[in-house]
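Comments concern the structure below.
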Amino acid sequence: MNTSILGFNGKNNIYKISFSSNTNVISPSYNVLLVSGTHIVIPHEQLRFETDYNSYSILNELGEGACIELDTHGKICSTFGKNNDNTLYITDKCNSNCIMCPMAEPARKNGQSTPFEILDELIEYMPCNMEHLTITGGEPFYIREKMFDILTKLKSGNKAHSYLLLSNGRIFANQNYCHMLAGSVPEDFLVGIPLHGPNPVIHDTITQTPGSFEQTTNGIKNLLSTQMMSVEIRIVVNKINAPYLLELAHFIILNFPSIHSIKFMGMEMLGNAIINSDKVWIDYKDAFLYIKPAINLLISNAIDVAIYNFPLCFVDRPYWHICMNSITKHKIKYSTFCNDCIEKKACGGMFTGTDKYLSDKVQPITL
Ligand code: SF4
């Protein structure tokens, strides 16, 4: 997120937003950012400052009781509001090193983790009953048992109505971990796990991690067997796995008949994906030719499918209804050609980064 609250000069970095002059509305134990138009007061720190209309709009959209994390320059690090696109970011680190990961290898190996005390404070400050919360990284379970503590706190605080945990799933090959997760998850909990191919050769080539296919597939099996959460499989389509997507669909039908859904995803061309672009980049039109038969097979076997990150003009019209506007607002790019497209409003656009590969290939839809 690359937005700031103009004029901010506070000391702490996690605040609860309030628009009410009646400070009893929010427990006095919270550090409150009191908003009155463009005038901001932080009573705990005896601070007040003027902000601009843009910053006020951000705070206003987040709403009463939302949580905002700011750095010392006022840059927004994270936000949690009732109807916000809420993401709890755990760590940059990951025990895999996928060849098309949008983060580069050094970040995965040596990147930052959110300090535990910050995670705890964010959870405390989040409003209850948020519509949705995504928990992601890196690999969130890189921090191991602390994740169970986080999930228990989210559950006991009734923080969200639905959850998505993005994980490479390898840790759940361990039955103990799997049962501990089943014991700590809130209701309506979905785990999204990438499966890159129908066999270890394809999957492990993509994760650059020998043994990961076996761990991930065992992890998915173990999670499904608990019946305490749903599991979706995420397939990031690239030059290596595209020719195997139909085989992968067969594999899923045979091995994971109770899977919640399958998401076919376009690549975000940053980090490792850029470094390895000669190995992984596939034109989205060609990618869709491989996706199509796999989708048809999955749907005919009553498995839900969605397409993420593909602009509509790269997808055959009969499949538009399963194309999701999946790219986070601040990462969306359109080509200048898109101005002539009558479907621009319905189209989810391109990832910033991937737009360099797609912009001159878009085909504005005119009828
Ligand atoms: S031309 Fe642009 S707006 Fe239209 S479908 Fe393609 S990418 Fe989307």
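The values are calculated or read from the model by the stated rules, or taken from the named source; none is laboratory data. Since the structure is predicted, the reported quantities are computational estimates derived from the model, not experimental observations. Every residue, glycine among them, receives a Cβ derived from its backbone with ideal geometry; neighbour counts consider all protein chains shown. Protein only, heavy atoms only, side chains kept; ligands, DNA and RNA dropped before computing areas. Shrake-Rupley method; radii C 1.70, N 1.55, O 1.52, S 1.80 Å.
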Among the residues of the range 278-286, is any within 16 Å of the ligand (Cβ to nearest atom) and buried (at least 16 other Cβ atoms within 10 Å of the Cβ)?
-> yes
Matching residues, the range 297-309, being open to solvent by 70 Å² or more (accessible area, probe 1.4 Å) and assigned to a helix (DSSP H, G or I) | Ile299, Ser300
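Would it be correct to say that His203 is at pLDDT 95 or above and either in contact with a helix residue (DSSP H, G or I) (Cβ under 6 Å, 6 or more places away or on another chain) or small (Gly, Ala, Ser) (or both)?
yes
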Any chance you could count how many residues in the range 335-360 are touching a Lys or Arg at 6+ places or on another chain (Cβ under 7 Å), within 11 Å of the ligand (Cβ to nearest atom) and either at negative phi or not in a loop (DSSP other than H, G, I, E, B) (or both)?
-> 3
Just to be sure, is Leu181 open to solvent by less than 10 Å² (accessible area, probe 1.4 Å), within 21 Å of Glu247 (Cβ to Cβ) and of a type outside the set (Ser, Thr, Tyr)?
-> no
Every listed condition ((1) within 25 Å of Glu232 (Cβ to Cβ); (2) of a type in the set (S, T, N, Q); (3) surrounded by fewer than 20 Cβ atoms within 10 Å (Cβ to Cβ)) holds for Gln112 save (1)
Kindly establish whether His132 is more than 13 Å from Lys16 (Cα to Cα) and in a strand (DSSP E or B).
-> yes
Search the range 145-166 for residues being within 15 Å of Ala182 (Cα to Cα) and in contact with a strand residue (DSSP E or B) (Cβ under 6 Å, 6 or more places away or on another chain), and hand back the single one that is most open to solvent (accessible area, probe 1.4 Å).
-> Leu164
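Select from the range 314-324 the residues that are open to solvent by 40 Å² or more (accessible area, probe 1.4 Å), of a type outside the set (D, E, K, R) and either without any contact (Cβ under 8 Å) to a residue 24 or more places away in the chain or touching a strand residue (DSSP E or B) at 6+ places or on another chain (Cβ under 7 Å) (or both) and list them in ascending order.
Answer for the range 314-324, where residues must be open to solvent by 40 Å² or more (accessible area, probe 1.4 Å), of a type outside the set (D, E, K, R) and either without any contact (Cβ under 8 Å) to a residue 24 or more places away in the chain or touching a strand residue (DSSP E or B) at 6+ places or on another chain (Cβ under 7 Å) (or both): Pro318, His321, Met324.
One line per residue, one yes/no per condition, for (1) open to solvent by 30 Å² or more (accessible area, probe 1.4 Å); (2) of a type in the set (A, V, I, L, M, F, W, C):
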site: Tyr30; (1), (2): yes, no
site: Ser57; (1), (2): yes, no
site: Ser78; (1), (2): no, no
site: Ile90; (1), (2): no, yes
site: Leu119; (1), (2): no, yes
Count, please, the residues in the range 21-66 that happen to be at pLDDT below 90 and small (Gly, Ala, Ser).
-> 3
Residue within the range 192-206 that is farther than 27 Å from Asp149 by Cα, of a type in the set (Gly, Ala, Ser) and open to solvent by 10 Å² or more (accessible area, probe 1.4 Å) present = no
List, please: which pairs have Cβ atoms under 7 Å, are six or more places apart or on different chains, and start with a residue in the range 295-313 that is assigned by TED's automatic domain parsing to the domain that holds Val231 and without any contact (Cβ under 8 Å) to a residue 24 or more places away in the chain and end with one that is open to solvent by 10 Å² or more (accessible area, probe 1.4 Å) and not polar (S, T, N, Q)?
-> Ile299/Val305
Near pairs, Cβ below 8 angstrom, 6+ apart or cross-chain, from the range 347-367 (closer than 11 Å to Glu268 by Cα and of a type in the set (S, T, N, Q)) to any residue that is in a loop (DSSP other than H, G, I, E, B) and more than 8 Å from the ligand (Cβ to nearest atom) = Thr354/Gly266; Thr354/Met267; Thr354/Glu268; Thr354/Met269; Thr354/Asn309
Evaluation of Ile365 against (1) part of a helix (DSSP H, G or I); (2) modelled with pLDDT of 95 or more; (3) surrounded by fewer than 19 Cβ atoms within 10 Å (Cβ to Cβ); (4) more than 22 Å from the chain's Cα centre (by Cα) (one fails), failing number = (1)
Counting only residues that are away from the ligand (no atom under 13 Å from the Cβ) and modelled with pLDDT of 95 or more, the range 320-334 contains a total of 3
